[in-house]
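This report refers to the structure that appears directly beneath it.
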Amino acid sequence: MAKKKQKAKKQPAKKKPAKKQPPKRQKGKGALVTLTPNICDDFCAANSSQIEFQGIPPNGCTITQSSGSYPFSPLSGQNANGQDYTDLSAGDIVTIVVSNLKQAYSYSVSCCDTAEATHTVVVT
């Protein structure tokens, strides 16, 4: 008697390594957004937010620490009173960098009217 040939077992197909794809970003999460408040207005922002102030005059403007911690980076330096400050021109971007959230940070703005010179950013 002739033996029946057994069918060869099929080997599972080799898996191809997955192509690396950039991680998917959910709308509104992880997307870098630049806020654009007016230089002479108070505003709210999240920590690490990028800020591009609007309404900066052609000759520029300086924002200076009023009291407590200074919320903006980068710094241009410290004035004679030891207060941090940042010189800004139209289109410059600063970043909110604070250690305490849900707090108001005051700063003064050189290019606003005296009555409107002190402003606050609430960091959420």
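The values are calculated or read from the model by the stated rules, or taken from the named source; none is laboratory data. Remember, predicted model here, so these are calculated numbers, not experimental data. Here Cβ is always computed from backbone atoms with ideal geometry, including for glycine, and neighbour counts include all displayed protein chains.
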Would you mention how many residues in the range 83-123 are of a type outside the set (D, E), at pLDDT below 95, loosely packed, with under 12 Cβ neighbours inside 10 Å and assigned to a loop (DSSP other than H, G, I, E, B)? 4
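Please tell me if Y70 is in contact (Cβ under 8 Å) with a residue 12 or more places away in the chain and either in contact with a His (Cβ under 8 Å, 6 or more places away or on another chain) or in a strand (DSSP E or B) (or both).
It is false that Y70 is in contact (Cβ under 8 Å) with a residue 12 or more places away in the chain and either in contact with a His (Cβ under 8 Å, 6 or more places away or on another chain) or in a strand (DSSP E or B) (or both).
With S49, S66, S76 as the choices, which residue is surrounded by 15 or more Cβ atoms within 10 Å (Cβ to Cβ), over 18 Å from A117 (Cα atoms) and in contact with a Ser or Thr (Cβ under 9 Å, 6 or more places away or on another chain)?
Among S49, S66, S76, only S49 is surrounded by 15 or more Cβ atoms within 10 Å (Cβ to Cβ), over 18 Å from A117 (Cα atoms) and in contact with a Ser or Thr (Cβ under 9 Å, 6 or more places away or on another chain).
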